[in-house]
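Here's the structure we're looking at; comments come further down.
The values are calculated or read from the model by the stated rules, or taken from the named source; none is laboratory data. Just so you know, these numbers come straight off a predicted model, no measurement behind them. So basically every Cβ, Gly included, is an ideal-geometry build from the backbone, and we count neighbours across all protein chains shown. Remember, those area values only see protein heavy atoms, side chains included, never the ligands or the DNA or RNA. Shrake-Rupley method; radii C 1.70, N 1.55, O 1.52, S 1.80 Å.
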Amino acid sequence: MRGRMVHRVFRMRITPERAPLVHRTIDFDGRHTLHDVHLAIQREFDLDDDHLHAFYLSGRYWDASTELRGVEPGGSRGQTTRHPLFRLGLGEGRTLAYVFDFGDELRHRIDVLDVREVPQPLAVPTLVETIGDAPQYEGATDDLDDTDLDEDETFVPDPEFEAKLEILVPVAERFDAATSAPDSVDWNLSAAVP
């Protein structure tokens, strides 16, 4: 006699870093993938699925050892479509990190609130709770052209991005292609970025 199939539902609270009092609580079936989580975030926070994104299983942004990207170089679908939630070792109290748009770097904290067994699988991710309005996202500044700005508007750079550039540019300038072999350079710049 065969045992009954166990289905797990993962209840996750997703909070955008730029609006810490806003969150969405969503139930996901264990067979849903991180790509399904990505699509739910896109839908619930009114984002356009037109930029790179990644999940960090350690909960630390830019942690390369636990990074799962949504799109890989060359445009293939990415790692997030290959990882169902039930295989990620997620449990109650676990925190994941999610970054959307690597230029504007929209960060989201994902807290696993509950993992429970249910008799039937959950067909689609289900919104359980909505707190606050989704923060406005104007899109990446590199998508702007002259028609997007009124005559009296000017482009204002992001101070956090500018601070990161101040760190990265000197690191890049230290590399002299004429005298250094590529494998002698430490390309892990994530440690240099706050």
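Quick notes
- For q = 0.22 Å⁻¹, Debye-computed log10 I/I(0) when each Cα of region 40-103 counts as one equal scatterer: -1.05
- Solvent-accessible area of E44 with every protein chain in place, 1.4 Å probe, in Å² to the nearest 10: 30
- Label-point gap, in nm, between T66 and R18 - each point 7 angstrom along Cα→Cβ: 2.4
- With a Förster radius of 25 Å applied to the beta-carbon distance between E92 and L52, the computed FRET efficiency rounds to 0.25.
- The label-point distance for D133 and T81, in a model that sets each label 7 Å from Cα toward Cβ, rounds to 3.6 nm.
- Each label was represented as a point 7 Å from its Cα along the Cα-to-Cβ direction; for V6 and R31 these points are 1.7 nm apart.
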